[in-house]
Amino acid sequence: MKTGLYTHIPFCRSKCSYCAFYSVSGRENDYRDSYLRALLQEADYFKKRYSPNRPIEINTWYVGGGTPSLLPVPFYAGLYRHLSDSMDFSRVREITLEANPEHLTLAYLRDLYLYTPVRRLSIGVQSFRDEDLQRLNRHHSGKEALRAVENARKAGFENITVDLIYGLRDKEEASTWKENLKTLQSLSLPHFSAYALTVEPNTVLFRKLAQGKIGIADEALLEREYFLLQEFASENGYEAYEISNYAKEGAYSVHNRNYWRNVPYIGLGASAHSYMENERHWNVSDVRAYMKDAVEGKQFERLTEQDSYHEYIMTALRTMWGVEKEKLEAFSPRLQSEFHQRAERQAQLGNLERKGDAWVIPSSRRLLTDGIAAEFF
Ligand code: SF4
């Protein structure tokens, strides 16, 4: 059985203004060794539970955060070596590390390439403009973001993706989105992700907005920036293969694609989630509790067929492959017929269309994906 592996590194230098993810600041050096031990304890738990007699075969590995690049390369070399005791990486298709531009010196990247199996880098650029980066409370500059990509290439990495955010300004004249796309074009990367800025409660951004100190794009501007993005993608040979993900020549993220296709995955680390044999596990969002015992605080639920069906529809509709006939046929006849009834209704409204054996959301309606998916609940 092929399985994805996710490892969460919950350390950040400080909090970005828009971020609501769980992370702790300034403790990575104190916690590093104990955190490594806890990750291995959890890996051992999964092996005993799901594959006691042989190593779990890993198809993809994604190291995300937090800020994984805050930790030194030997941490990842050691983690890989130890994980290889309980997991089989011999047929792994993709290993990705998330990184922030300010950490990507040539020395760090050369070591990463030399001493670990990481071959794909996901760089948290967010914007190439310093004024945006300050507003987001990021620690890098636009120049550092460009240098990070250049260093990565020099170190041997070809599979590089960057994250960008749009909707950062409340006025079209002040928007930096066009310039960001122009810079992105000059890099000619195989893949990028672009997210609409969302305002989560309990963030600095939320407070500043409530106090009227800053403004961000309203729905109309967000839509215009989204269409600019679609135009950019098609003119530059990128497929919009998921609502936020764009790839050239099939350079899709294999790891993410597996999530959308219901492939099981193990998530190690504080606040990480796992999905194995119709069971969902999730860990405490508390590094100290996780390091004390990585297994004790685990929460767990068994998914009903209805839960798995909803999860599949919700994620599949976000992608260009849509709801595939073969995947749908894995569910009961009742759920299949429920799906078809609702799909026909959405097709009449122009929200869904047939593409071969699949149902997909047409690209002009992709921005409405969440609302359309909700019609299937
Ligand atoms: S680096 Fe990433 S995880 Fe950390 S605070 Fe910023 S956005 Fe959140």
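The figures follow:
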| quantity | calculated |
| --- | --- |
| Contacts under 8 angstrom Cβ, first residue in region 131-144 being assigned by TED's automatic domain parsing to the domain that holds Arg207, partner among the hydrophobic types (A, V, I, L, M, F, W, C) and in a loop (DSSP other than H, G, I, E, B), 6 or more apart | Asp132/Leu168; Arg135/Leu168; Arg135/Ile214; Leu136/Cys16; Leu136/Leu168; Asn137/Cys16; Arg138/Cys16; Gly142/Phe128 |
| Those residues of region 231-270 which are over 27 Å from Tyr45 (Cβ atoms), within 17 Å of the chain's Cα centre (by Cα) and polar (S, T, N, Q), in sequence order | Ser244, Asn245 |
| Selection status of Thr96, within 19 Å of the chain's Cα centre (by Cα), within 30 Å of Lys143 (Cβ to Cβ), of a type in the set (Ser, Thr, Tyr) and at pLDDT 95 or above | yes |
| Sole exception among (1) surrounded by fewer than 16 Cβ atoms within 10 Å (Cβ to Cβ); (2) closer than 20 Å to Ser34 by Cβ for Leu79, by number | (1) |
| Lone qualifier among Tyr80, Tyr113 - being within 21 Å of the chain's Cα centre (by Cα), assigned by TED's automatic domain parsing to the domain that holds Thr67 and of a type in the set (Phe, Trp, Tyr) | Tyr80 |
| Residue in region 311-324 that is among the β-branched types (Val, Ile, Thr) and farther than 30 Å from Leu367 by Cβ present | no |
| Odd one out for Arg138 among (1) out of contact with any helix residue (DSSP H, G or I) (no Cβ under 7 Å at 6 or more places or on another chain); (2) over 18 Å from Glu98 (Cα atoms); (3) outside any helix (DSSP H, G or I); (4) not hydroxyl-bearing (Ser, Thr, Tyr) | (2) |
| Selection count, region 1-36, where residues are part of a helix (DSSP H, G or I), away from the ligand (no atom under 12 Å from the Cβ) and in contact with a helix residue (DSSP H, G or I) (Cβ under 8 Å, 6 or more places away or on another chain) | 5 |
| Failed condition for Gly65, given (1) crowded, with 20+ Cβ neighbours inside 10 Å; (2) more than 16 Å from the ligand (Cβ to nearest atom) | (2) |
| 2 or more residues within 20 Å of Arg318 (Cα to Cα), in contact (Cβ under 8 Å) with a residue 40 or more places away in the chain and among the aromatic types (Phe, Trp, Tyr): qualifying helices (runs of 4 or more DSSP H) within region 174-260 | 219-235, 254-260 |
| Subset of region 286-301 (residues that are among the small types (Gly, Ala, Ser) and crowded, with 17+ Cβ neighbours inside 10 Å) | Ala294 |
| Any hit, region 95-109, residues being away from the ligand (no atom under 16 Å from the Cβ), within 18 Å of Leu36 (Cα to Cα), among the hydroxyl-bearing types (Ser, Thr, Tyr) and surrounded by fewer than 21 Cβ atoms within 10 Å (Cβ to Cβ) | no |
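Results for (1) surrounded by fewer than 18 Cβ atoms within 10 Å (Cβ to Cβ); (2) assigned to a helix (DSSP H, G or I), shown as yes or no for each residue.
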site	(1), (2)
Ala330	yes, no
Arg334	yes, yes
Gln341	yes, yes
Glu344	yes, yes
Ala347	yes, yes
Arg366	no, yes
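The values are calculated or read from the model by the stated rules, or taken from the named source; none is laboratory data. Quantities reported herein were computed from a predicted structural model and do not represent experimental measurements. Backbone-built Cβ (ideal geometry, glycine too); neighbour counts: all protein chains shown.
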